[in-house]
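Take a look at the structure set out below.
Just so it is clear, none of the values below were taken in a lab; they were calculated from the coordinates. In this text the structure is predicted, and so the values were computed from the model without any measurement. Quick reminder, even Gly has a Cβ in these numbers, built from the backbone with ideal geometry, and neighbours come from all protein chains shown.
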Amino acid sequence: MPQRTKSGKNPKKAAKPTGGERPPAVTLISLLAGSIRERTFLRLVLSQPLSKSESAISKVTVRLVEVGGETKYQWAVRSQLQEKHENLTMDELIAQTKSVFGVNLGDAHLFTTQADLTVRWNYGKPQKVKRKPPTQQPSEGEGHNRQKQYLIPAGIPCPFLIEIGVMLPSGQVRPTMYHKFRQINRYLEFVEDILPQLPSTGPIHVVDFGCGKSYLTFALHHLLTRIHEREVKIVGLDVKADVIDDCTRVAESLKCDGIEFHLGRIETYVPSEQVHLAVSLHACDTATDDAIAAALRWKSNVILAVPCCQHEICQTISRQSLIGLTEYGILKERFASLATDALRAQFLELQGYKTQVLEFIETEHTPKNLLIRSVRRTDATAQDLTARREAYEGLKDILGVKDWHLERAVSSPK
């Protein structure tokens, strides 16, 4: 028989928590501390509220940030009333997690470079832990040794990135601008791939339609002039005078040779010489089609287009031919967006361009994340073009589209 204490209680039986006491969240905390110690931590999400109160915490997310050159953990706590952020040290993160898990929230999802871990609070009983293969990998700037080798590396001062506020003068990327830093480098990777399709000697002539703040225009200039030491003639075009003035100021401040900004519309711009690379990034709705049409008329070597909002096909697509997709508003809108880009890609193939549709940037930063990259072919046969015509017209028939803006813009420019 088991021995009993003087009080008559069996010492082998765990005492029940009393007066609000609870066993510490040893499992989650040990996993969290271990991931930080081993430098495998990526992200932590606490969810599943244990209270239905309106002011109760509904979710906590934790991610790595760089603050003043130090690694911190951004703690974002959300309730129905508000969301608050604060940057914590490792010890503060551990303390905050202990105070919330099992008190306010009952589920934890810990993402590391080694595994995805799900921990569930079990009201004083052993916590339930599930382990799955990792689904995420570290991003540049998140305090890990494994870093992607970018065309513009972090840690080395880059004048145009400093000027536009992406980098600090030391070369450190601002934590809030890492998404833009990655986007710029991703864009340059696409350009790097098509450099063999551009003239190998002489200036490279580029037109950037709807250049906006010109982050990517300056990035392209940096790639061609600083990295590849090429002469360029880059024209940034936009309809907003204040945007053109600001871009011109930045270009003058950086002493960028071969880049200028003009106030004007895509469909009326007339280049002074052959355009080798035509770029259209996030031009709204049919403005993307106007840019593609202009590049086709100029017989540009390469066309890069990242479409933005798209409404035309959504308004004209037949409800009868695709009833399962078009009777629900949000599904129709998303389908029409993909259908528009498919039509653009097929139309470009029909015009003698080898075309790819690629992911531009992660969807967590923007849903407008497709890039259409087209390279002019010199080997397209009549048989190839006939097959492309059949595929293009077949897609139009399925969608119930008779004609659309890109076709009209190419055949009847304004």
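The ranking of Y150, Y392 from fewest to most other beta carbons within 10 Å of each one's beta carbon is Y150, Y392.
With all distinct Cα pairs included, what does the Kirkwood hydrodynamic radius of the range 159-411 come out to in Å, to one decimal, could you say? When all Cα pairs of the range 159-411 are included, the Kirkwood radius is 19.2 Å. Please label the shape of the range 159-261 as rounded, prolate or oblate, based on the square roots a ≥ b ≥ c of the eigenvalues of the alpha-carbon gyration tensor (a/c under 1.5 means rounded; beyond that, a/b larger than b/c means prolate, else oblate). Since a/c reaches 1.5 but b/c is at least a/b, the shape of the range 159-261 is classed as oblate.
Counting every other Cβ atom within 10 Å of each residue's Cβ, D238, D246, D91 order from fewest to most as D91, D246, D238.
Remark: L93, L331, L254 ranked as L331, L254, L93, counting other beta-carbon atoms within 10 Å and listing the fewest first. Excluding K128 itself, what net charge comes from residues whose Cβ is under 12 Å from its Cβ, given Lys and Arg +1 and Asp and Glu -1? Here the count lands on +3.
Pull up the DSSP beta bridges for the chain and report the antiparallel fraction as a percent, rounded to 5. Among the beta bridges of the chain, antiparallel pairing accounts for roughly 70 percent.
If you sort the three axes of the alpha carbon gyration tensor as a ≥ b ≥ c, you get a/c of 1.5 or more for the range 26-132 and a/b no higher than b/c, which makes it oblate. The value of relative contact order for the range 159-411, using C-alpha pairs under 8 Å at least six residues apart, is 16 percent.
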